[in-house]
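Please read the structure below before turning to the comments.
The values are calculated or read from the model by the stated rules, or taken from the named source; none is laboratory data. Not measured: the values here are computed from a predicted model. Note: ideal-geometry Cβ built from the backbone for every residue, glycine included; neighbour counts use all protein chains shown. These area figures cover heavy atoms from the full protein model, side chains too; ligands, DNA and RNA do not enter into them. Shrake-Rupley method; radii C 1.70, N 1.55, O 1.52, S 1.80 Å.
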Amino acid sequence: MLKNYFKTAWRSVKKNKGFFALNFFGLYISIVVCILIALIILHETSFDRPSNGSLSIYRVVNNSTSSTGKSFSGVTPYPLATAMRAAMTDEKLISQIHFERESVISFANKKFKEQNIVFADSVFPKLFPLTLKEGSLQRALAEPGLVILTEKTANRYFGKEDAVGKRIKLANYIDLEVAAVVADAPANSHLPYNILVSYPSFSPRLIGGFPLDQWGLNANGYVYIGLTGNNKVRNTETILASIVTKYIPKDDASTTTEFKLQPVQDIHFNQLYAGNNPSYTINYSYLYLMGAIGLFLILAACINYTNLSTALAIKKSKEVGVRKTMGATRGNLIKQFLSETFLLTAFVVIAAASSVRSFLPGLNSFLDKNIPLNWLSFKSGLFLLCLWAVVSLLSGLYPAFVLSGFNPITALKSRISTPKASTVMLRRGLVIFQFLTAQILIIGAIVVAKQMAFMQSTPLGFNKQGVVDISLPENNPEQLRAMRNQLAAIPGMSSFSLSLGAPVSNNNANTGFNLKEKYATEKHEVAIKAVDRGYLQTYGLQLAAGRWFDENDERKVDNTIPDSLKQYAFILNEAAVKSLGFASPQDALGKYVTFGFNDISAPVIGVMKDYHIASLHKAVIPVIMVEFPFFYYNAGIRFSGGYTASSLSAIEKAFTSVYPNDLFESSFLDEHVASLYKDEKRTQQLFNIFTFVSIIINVLGLVGLLSFMIEQKTKEIGIRKVLGASVKDISVILSKDFVRLILVAFIIAAPVAWFIMNKWLQEFAYRTPISWWVFAVTVIGALIITCIAVGFQTIKAAIANPVKSLRSE
């Protein structure tokens, strides 16, 4: 019996190739998109899943409260792990690491710019298991001078040669021997690593030379702990509170520090502790949104199938009548029509699953991820089977019940009765749902594009064009002086600056500040920018009051002068002036301010107009600019006519002459600013893709519904033509129902889309308003797309010969 059903279904597919093609195309697009979205969601939700069910791994996080508000960080002081081991002698799984974003690796006259370098202790592999490929892990992280490479890194460095025993140099001064090679870090780990260096090899030079026993120092140190049992979390946090009381001085009554435990599974989804690297986290709302879009696209394609199947009903009416006359029951017919649906969707699912692999590399490149695909796994097979069953049932149940319910006598006379009011309302409701989804996506795409245009056009308070930034590996005074001289000799160079980083960079240092007389009792948070006298001109900043640094100021803080004799001067931005309570920038001039770096006090000699030191997600915060040669690790160069290949080559030559053992790396300020919004750019592109797919599916649905309407109104159209109706009149009659459905869908879609996009815009401190014209463009665009989609068939029906439609029963 089952074989007969599918044989008949195959004949029906061959007989109705156009119907099959339309449904296949619509379902294929939606299922491919749905599978890709499912892969993304499954990958994102798989991060840091525990391999040992009895062991729970936590990261210690730092929650601070001050008079300016609360701050959250995953970074903790370096002495914390030692203090925890002393206070928790029964807990053996406490690991201290240092995460180095990037550094230079050199060996045998080769240099590599390596990323994701982790200094880890011997406890690390017990919390994050390593799969050994070569060498031995027994002492690799316990003794100084040893390093572990991942398999990919070892192949990149040494090719097919045995990496164990080879020697490399990190940052040009840390000599390391390769002790082991391990499998690559999992793609679904919050802690990516290409190199694992033994923690005893960690040098304070990597954090500016500051000693590692300072509790007030927060650089890139993290502490992890493995616990068994829920009660231990509370006990551990109690001990952490006692460590705060014992070791962290309370300088200010309004400032508190609190260490808490964060489950590692929470890290990937908690942007509160993301710091300067929000790209390593993802918001659950994005996954919900993508899942909803995937579901809507699948439902829209299923609605298309329903409408097209219903439109085909009249052609199948005689078949239904014959089958019922020959004794077929309604149940037999339902099974027959469902088998057709299951056969079609089987072809679609197989085709979609087969082609997903070709789309995945592009998706991984687009999202900058490494999403795996394994159709041979049990979960993947189960997912495809469930997807096939759900899509088949959603698509085929309603048409099967409608077709199987035809009266055989009426069907054989080709006099199918007009659909019931409930059936008509259901069909219209389904089409409204399609229009609703499409219009929400169109509004979303316009709002995202509008916000992107707003961010690109919003003045940042500095000139981002024509500036080249290069990283300096050392800030030795002689090398900095030589670098100045080399850059000054490059033709076309208009200005250059030595600093800790460009106005927008990840190299800000934060501390507390206030007027000198108030500093001991109250502190406000401030960002410190280490700059030289060329910074103003190089980056195009603007003064609001006072003056900029000059040569005399620079001489007073020269590295040759003892720290106790240096005479600093401060330049504040307008936000810092307001934070101190001054009514105008002029009022702050000459006042003495103290900040938390060695409690340095200095007079305010100038006030800068506010400029953005981060993306538009964040509001402008107080900034102090100070000449700090100790922190000059960046050189910014501006060329009068813009940079060229020859000018970049000259910069590289100058760098190599001063730092012959280091790897030259340059970046362009305008490109760096653009990279701050790469997630929003992806969101914009995804909205465009989803909107395009939704429009295609909607157009196919319109074709199906219009086919049904024309079949139902063939004789009505003929009569109207005989009575003198024009092509325009017929077109209006056939199209007006769609216009009503679009308007009803818009009335629902507008507030829903406004709510969703307004919530998305709340993530930006500076955002564009959702203007009325966004909704006007959406509804007009939907009407135009609909008119184009139905226009051809409407005109074709309107100009048809009425004699053909009226001459037979």
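Of all the listed residues (ALA569, ALA588), the sole one being under 23 Å from ASN475 (Cα atoms), more than 36 Å from the chain's Cα centre (by Cα), surrounded by 18 or more Cβ atoms within 10 Å (Cβ to Cβ) and modelled with pLDDT of 85 or more is ALA569.
Where residues in segment 612-642 are touching a strand residue (DSSP E or B) at 6+ places or on another chain (Cβ under 7 Å) and not hydrophobic (A, V, I, L, M, F, W, C), which of them is nearest to VAL531 (Cα to Cα)? Looking at the filtered set, the residue picked out is TYR632.
So that you can scan it fast, the table gives a plain yes or no per residue for (1) polar (S, T, N, Q); (2) free of Cβ contacts under 8 Å to residues at least 40 places away in the same chain; (3) under 20 Å from TYR539 (Cβ atoms); (4) not in a loop (DSSP other than H, G, I, E, B):
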residue	(1), (2), (3), (4)
ALA635	no, no, yes, yes
GLY641	no, no, yes, no
GLU652	no, yes, no, yes
SER657	yes, no, no, yes
ASP662	no, no, no, no
GLU680	no, no, no, yes
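For segment 522-542, the condition of being surrounded by fewer than 15 Cβ atoms within 10 Å (Cβ to Cβ) and outside any loop (DSSP other than H, G, I, E, B) holds for none of the residues. Counting the residues of segment 162-186 that are without any contact (Cβ under 8 Å) to a residue 40 or more places away in the chain, open to solvent by 40 Å² or more (accessible area, probe 1.4 Å) and more than 35 Å from the chain's Cα centre (by Cα) gives 6.
In segment 457-488, of all residues being over 30 Å from GLY209 (Cα atoms) and without any contact (Cβ under 8 Å) to a residue 12 or more places away in the chain, the one that is most open to solvent (accessible area, probe 1.4 Å) corresponds to PRO459.
Kindly indicate whether LEU217 is within 35 Å of the chain's Cα centre (by Cα) and farther than 20 Å from LEU93 by Cβ. Lay out the reasoning, then the answer.
Working: within 35 Å of the chain's Cα centre (by Cα): yes; farther than 20 Å from LEU93 by Cβ: yes.
Here the answer is yes, as LEU217 does meet what is asked.
Residues that are touching a Pro at 6+ places or on another chain (Cβ under 7 Å) and within 11 Å of ILE97 (Cα to Cα) were ranked within segment 193-220; the one that is surrounded by the fewest Cβ atoms within 10 Å (Cβ to Cβ) is PRO200. Screening TYR766 against (1) open to solvent by 30 Å² or more (accessible area, probe 1.4 Å); (2) over 30 Å from TYR611 (Cβ atoms) leaves a single unmet condition, (2). Spot the failing condition for VAL223; the list is (1) assigned to a loop (DSSP other than H, G, I, E, B); (2) touching a Leu at 6+ places or on another chain (Cβ under 6 Å), and only one is missed. Answer for VAL223: the failing condition is (1).
When segment 258-281 is examined, which residues are found to be open to solvent by 30 Å² or more (accessible area, probe 1.4 Å), within 18 Å of THR45 (Cβ to Cβ) and either at pLDDT below 80 or not acidic (Asp, Glu) (or both)? Walk me through it before giving the result.
Filtering segment 258-281 for residues open to solvent by 30 Å² or more (accessible area, probe 1.4 Å) gives 258, 260, 263, 265-266, 270-273, 275-280.
Narrowing the set further to residues that are within 18 Å of THR45 (Cβ to Cβ) leaves 263, 265-266, 270-271, 279-280.
Answer for segment 258-281, where residues must be open to solvent by 30 Å² or more (accessible area, probe 1.4 Å), within 18 Å of THR45 (Cβ to Cβ) and either at pLDDT below 80 or not acidic (Asp, Glu) (or both): PRO263, GLN265, ASN270, GLN271, SER279, TYR280.
Suppose the filter is modelled with pLDDT of 80 or more and among the β-branched types (Val, Ile, Thr); does ILE409 pass it? Considered against the rule, which asks whether it is modelled with pLDDT of 80 or more and among the β-branched types (Val, Ile, Thr), ILE409 comes out as no. Residues considered: ALA750, ALA776. Of these, the only one that is farther than 17 Å from ALA449 by Cα and either loosely packed, with under 15 Cβ neighbours inside 10 Å or within 28 Å of the chain's Cα centre (by Cα) (or both) is ALA750. Just so you know, in segment 317-364 the residues that are open to solvent by less than 20 Å² (accessible area, probe 1.4 Å) and farther than 18 Å from GLY26 by Cβ include one that is modelled with the lowest pLDDT, and it is SER317.
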